[in-house]
Amino acid sequence: MSSPALPASPFPVRVFGGPTALFEYGGLRFLTDPTFDGPGDYPRGDGRYLTKTAPSAGTPDALGAIDVVLLSHDEHADNLDKSGRALLPAASLTLTTPGGGKRLAEHLGEKVRGLADWESAELDRPDGGTVTVTGVPALHGPGPREEVEPVTGQVVGFVLTGEGLPTVYVSGDNASLDAVKEIAERFAPVDTALVFAGAPRFPGVFFDGRCVVLDSAQAAEAARLLGARRVVPVHYDSWAHFTEGRDELVAAFTAAGLADRVDFGIRG
């Protein structure tokens, strides 16, 4: 089965709802945090549930060949669900957290690799040369790493670079602007940033109800710090724990004078 062509526009990004997006870069096809299960309640691992409120704008069968899955973390159903796990073996490589790399190796073997902060993987491009994927810091909640990771787990973001290619940042479930500043010091300006947003909160459960991923104003500030020429917001819809959506993102980027940089991608 041949892979469906991505739409003919400069570096298109297909979005499917939640954190899942597909793009072609350096001749390789990348998929972020695959989630294609239907609406419903999904165990969170602590006796509570995450509620998906809308279906994905596509199915795994319609994706075609995937070269690399960029998996910010494997422990939460809103970032990797049953359908997402089922498609991982068909991808040539999954890049994720060090802990996730160990957990997924049981089923994926050498087709998964965990990246620590600032660790890189070199990927061969079909037309020659390489794409470098660098794991970059991400914190899935407010506060220092030693307080956040025991609660919400380990998360990684990614920066993609290559000779003659734009710089691409995929934030993963990151709530830390300090992490964004570190990334900007090494990689800014960024051409395209896939920024996870949505201001997800769990009042009475985690971090006194503070956001566990960036809110809309923080997403705009992240774009400013990175010097991002284009921002594709993801992971702001389709789940009940998000408290801000597309309207709040548009308002925040407009208030920051960055409205012209927002690209909500191609749906499905």
With the condition kept exactly as written, say whether any residue in the range 101-112 is in a loop (DSSP other than H, G, I, E, B) and at pLDDT 95 or above.
no
In the range 47-79, anything in contact (Cβ under 8 Å) with a residue 12 or more places away in the chain, charged (D, E, K, R) and farther than 20 Å from Val232 by Cβ is listed as Arg48, Lys52, Asp74, Glu75
Report yes if some residue within the range 4-21 is among the small types (Gly, Ala, Ser), out of contact with any His (no Cβ under 6 Å at 6 or more places or on another chain), surrounded by fewer than 17 Cβ atoms within 10 Å (Cβ to Cβ) and at pLDDT 95 or above; otherwise report no.
no
Here are some residues: Leu123, Leu50, Leu80. Which one is outside any helix (DSSP H, G or I) and under 20 Å from Val168 (Cβ atoms)?
Leu123
For a quick check of your reading of the model, give me the residue pairs whose first member lies in the range 241-259 and is under 17 Å from Gly18 (Cα atoms), whose second is outside any loop (DSSP other than H, G, I, E, B), with beta-carbon atoms closer than 6 Å and at least 6 apart or on different chains.
Glu244/Ser216; Glu248/Ser216; Leu249/Ser216; Leu249/Pro233
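The rows are residues; the columns are (1) among the charged types (D, E, K, R); (2) surrounded by 14 or more Cβ atoms within 10 Å (Cβ to Cβ).
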residue: Glu122; (1), (2): yes, no
residue: Arg145; (1), (2): yes, yes
residue: Gln154; (1), (2): no, yes
residue: Ser176; (1), (2): no, yes
residue: Glu182; (1), (2): yes, yes
Can you say whether Arg267 is of a type in the set (D, E, K, R) and crowded, with 17+ Cβ neighbours inside 10 Å, as far as the supplied structure shows?
no
If I ask for residues that are touching a Pro at 6+ places or on another chain (Cβ under 8 Å), crowded, with 22+ Cβ neighbours inside 10 Å and aliphatic (A, V, I, L, M), which ones from the range 56-73 would you list?
Val69, Leu71
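The values are calculated or read from the model by the stated rules, or taken from the named source; none is laboratory data. This one's a predicted model, so the numbers in the text were calculated from it and none came from an experiment. All Cβ positions, even for glycine, are placed from backbone atoms using ideal geometry, and neighbour counts span all protein chains on display.
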